[in-house]
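This report refers to the structure that appears directly beneath it.
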Amino acid sequence: QEQVCDQIVERVIELVREHKPAMPGLQHAIQVCQQQGLRLGLASSSPLSLIHATIQTLQLEGIFDALLSGDKLPYAKPHPEVYLNACEALEAQPHNCLAIEDSFIGLLAAKSAQMKTIIIPEPAAAGQPHFAIADRQLASLEQLTPQLLQSL
């Protein structure tokens, strides 16, 4: 079972390197956050090997102050543990942090950690009422502005 899981992760890493899947507006969002002096963390349910491969493929080395994986944690998202660990690594209180999510499960985890949230769901899912728990919903990372960040 472990060998099959490792093979799946390796195949996903190959696909990431081949297709370079970045959300539209990623560079814009990073610039906006950096201009505001924000520290950036990445809290994912993916294995750390996949996180590192994605960071390298998208040329994001040195951008994040903390990289955390929930892969080996006792509870995965929607449990808030990976987000709480990210806050601890960034030496920040959760209520002073913002999570940008693309899934409802991740949104639940961030809200459970008592963080501010922005949800950017897949376009087909954007109208779903359960996203109302987010502090803001955007269609793209390109919509992230300093004014929006300050309003949260």
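What to note about this one:
- Residues that are more than 20 Å from Q114 (Cβ to Cβ), crowded, with 17+ Cβ neighbours inside 10 Å, at pLDDT below 95 and not small (G, A, S) occur at least once in the stretch 27-49.
- If the condition is being part of a helix (DSSP H, G or I), of a type outside the set (D, E) and open to solvent by 30 Å² or more (accessible area, probe 1.4 Å), then the stretch 139-152 contributes Q143, P146, Q147, Q150, S151.
- Against the list (1) in a helix (DSSP H, G or I); (2) without any contact (Cβ under 8 Å) to a residue 40 or more places away in the chain; (3) under 18 Å from E101 (Cα atoms), the condition D6 fails is (3).
The values are calculated or read from the model by the stated rules, or taken from the named source; none is laboratory data. None of these values were measured; they are calculated from a predicted model. So basically every Cβ, Gly included, is an ideal-geometry build from the backbone, and we count neighbours across all protein chains shown. These area figures cover heavy atoms from the full protein model, side chains too; ligands, DNA and RNA do not enter into them. Shrake-Rupley method; radii C 1.70, N 1.55, O 1.52, S 1.80 Å.
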